[in-house]
Amino acid sequence: MASVLKSFKANAASAPTGASTFFNANASSSTSSSSLLGSSTLAKLSPYLDYLSLPSLKGASATSTLFTLLAIAATILVLEQIQYRQKKRGLPGAKWTIPIIGKFTDSLHPSLEKYQAGWNSGPLSVASVFNIFIVVASSTEHTRKILNSPTYAEPCLVASAKKVLSPDNWVFLNGKAHVDYRKGLNTLFTRKALGIYLGIQESIYKQHFSSWMNDPCPTPQRYMMKFRDLNMDTSLRVFCGDYIPEEGAKQVSDNYWLITVALELVNFPFAFPGTKVYNAIKARKMAMKWFELTARESKKRMAAGGDVTCLTDAWIKAMIDARAAKDNADLEPEQRRLLVRDFSDREIGMVLLSFLFASQDAMSSGVTYLFQHMADRPDILRKVREEQYRIRGDDVNAPLTLEQVEEMEYTRVVVKESLRLKPPVIMVPYVAHKEFPIDKNYNAPKGSMVIPSFWNSLHDPEVYPNPDDFIPERWLAGPDSPAERNPKNWLVFGSGPHNCIGQQYALIHLTAVLGSAAVTMDWEHQVTPLSEEVEVIATIFPKDGALMKFRPRAAPVPGTSPEVAAAA
């Protein structure tokens, strides 16, 4: 026993470096589930486990063995606190961490209020969950530094992300490999491609609007998941066209939510049957079968000279044109170089998987709050309608064009303000793959999770006066507007090499869906005490599920002025 205690004392006395090394089982990647529970504990115990089989314990009394084990456990717990305090230094956060689990119980039931308390405690604050040391950034400066420092940190999403989305998914690439992949994908979001997608989007909107207006229930119903279904159907057809049959599309749509709930910030990390991670992996495997089918069939059709009808077609045609050196105005020389290789069906499927996750997750939150904000602010909705009638003319049911969407200045800033007020993504976890000088007075330890958060940047009263008010006009005040003078605060789509590649698609989608809804329907929102309370899943939603009721809106008589039509 004396030799064990001597070894423990030596480790403790060597702090700060000794304790840091001793506890660094999770340094290589905070996304590993073993670092959350198993390996970190085993790594701490491993130097001492052999002791338990030494001859000195053979024949020892049960009491001696018990006290030996208790002494080892107690020393480990003390060292855990020492390590936490050394990493924390002077940053805000709990003075001591709960042994082993840390803030795990708080993380099981996340709330915006708890997050805000941490964000408001200082520009940097700390926590610990299952021996993963977490540094949370709430200031714009520190948030942007994390997002723009690929040398020091890379996105890890959450502990279960690699299991759920698959370790070979392109979203986990970093450095030049990630940059090159993105450059090749940029061809999917050219103006020409976005114009093709818009026609698909609008046809899906109309189907869902018709269903909402024909709902026989006379009272408002929870529409959060109905908004999510609209996004899922729209994105699935934009990305995959008609390559997936109706039964396959329904299967993907019905099961994809399992992926969302498994990517909450904290989940039980092991894929045991019945767990969220296990169910999400099953959903991913099912979806990948359909996405790989899409890739195969699109390759056949594009090779035969078919027209581009969806995002997958656009990507495969760009690959074919790059290899054949065909004329393609959407392809830049660098993109041609990157698209020359033939991406496998699995690689294409992985991209569709990640795109669909982002579109049905973050955009579902965006659509939900957009409809809620408009219902609660009829004066602003009236201005949106006035713009829509002016741009669309007498035929409000005519197909929408990209040029018309680009004219929708007021509708677009309404979307922008809605995203600012209730940003769908409030944080994105990164992992420090080496010691990260995140501040002149603080280095985040290697292996720690560093989390840039966006809420405070988007609610900064110096940049957005009256930040909790819905004021679209703040974006129309010209160059003297604080909002326009401080684009660095606009972090809805992130920043740096991992910012949202589809942000133009997302903004067009939200602008078009609001514009089309405004001239097609009237809707009411039943306000409850939970309407403004935020439920944090992977993104955010109103806790009451957004209680809505939709009714048809009569088209104006030809020749009616936009002002009169909007006021009707």
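Checking the structure you have, find out if any residue of region 213-235 is touching a Lys or Arg at 6+ places or on another chain (Cβ under 8 Å), surrounded by 15 or more Cβ atoms within 10 Å (Cβ to Cβ) and in a helix (DSSP H, G or I). The answer is yes, given that some residue of region 213-235 is touching a Lys or Arg at 6+ places or on another chain (Cβ under 8 Å), surrounded by 15 or more Cβ atoms within 10 Å (Cβ to Cβ) and in a helix (DSSP H, G or I). Sort through Asp180, Asp168 and tell me the only one that's more than 21 Å from the chain's Cα centre (by Cα) and either surrounded by fewer than 19 Cβ atoms within 10 Å (Cβ to Cβ) or in contact (Cβ under 8 Å) with a residue 40 or more places away in the chain (or both). Exactly one of Asp180, Asp168 is more than 21 Å from the chain's Cα centre (by Cα) and either surrounded by fewer than 19 Cβ atoms within 10 Å (Cβ to Cβ) or in contact (Cβ under 8 Å) with a residue 40 or more places away in the chain (or both), namely Asp180.
Considering Lys176, Lys226, Lys145, which residue is among the charged types (D, E, K, R) and under 25 Å from Leu510 (Cα atoms)?
Details: Lys176 fails: under 25 Å from Leu510 (Cα atoms); Lys145 fails: under 25 Å from Leu510 (Cα atoms).
None of the others qualify; the one that does is Lys226.
If you scan region 422-444, which residues turn out to be touching a helix residue (DSSP H, G or I) at 6+ places or on another chain (Cβ under 7 Å) and within 21 Å of Thr539 (Cβ to Cβ)? Result: Lys422, Pro423, Pro424, Val425, Ile426, Tyr430. Search region 282-299 for residues that are closer than 15 Å to Ser354 by Cα and surrounded by fewer than 18 Cβ atoms within 10 Å (Cβ to Cβ) and pair each with any residue that is of a type in the set (Val, Ile, Thr) and at pLDDT below 95 when their beta-carbon atoms are under 9 Å apart and the residues are at least 6 apart or on different chains. What qualifies is Met286/Val252. Regarding region 110-123, can at least one residue be identified that is over 20 Å from Pro92 (Cβ atoms) and not charged (D, E, K, R)? Taking every residue of region 110-123 in turn, none turns out to be over 20 Å from Pro92 (Cβ atoms) and not charged (D, E, K, R).
Residues that are of a type in the set (Phe, Trp, Tyr), open to solvent by less than 40 Å² (accessible area, probe 1.4 Å) and not assigned by the TED database to the domain that holds His109, at least 1 per element: which strands (runs of 3 or more DSSP E) completely within region 503-568 meet that? Counting at least 1 such residues, we get 521-525, 540-542, 547-552.
In the condition set (1) without any contact (Cβ under 8 Å) to a residue 24 or more places away in the chain; (2) of a type outside the set (Ser, Thr, Tyr); (3) closer than 18 Å to Ala249 by Cα, Ala303 is compliant with all but (3). Could you go through region 128-137 and let me know if any residue there is under 16 Å from the mean Cα position of the chain (by Cα) and either open to solvent by 20 Å² or more (accessible area, probe 1.4 Å) or closer than 26 Å to Lys95 by Cβ (or both). No - not one qualifying residue is present in region 128-137. Pairing each residue of region 390-414 that is more than 21 Å from Ile196 (Cα to Cα) with any residue that is open to solvent by 90 Å² or more (accessible area, probe 1.4 Å), provided the two are 6+ apart or on different chains, yields C-beta distances under 7 Å for Asp394/Pro558.
Condition check ((1) touching a His at 6+ places or on another chain (Cβ under 7 Å); (2) within 28 Å of Ile537 (Cα to Cα)) across all residues:
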residue	(1), (2)
Leu356	no, yes
Ala375	yes, yes
Asp379	no, no
Ile391	no, no
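The values are calculated or read from the model by the stated rules, or taken from the named source; none is laboratory data. Since the model is a prediction, treat every value here as computed from it, not as a measurement. Glycine gets a Cβ as well: all are built from the backbone with ideal geometry, and neighbour counts include every protein chain shown. Areas reflect the complete protein model, heavy atoms only, side chains present, ligands, DNA and RNA absent. Shrake-Rupley method; radii C 1.70, N 1.55, O 1.52, S 1.80 Å.
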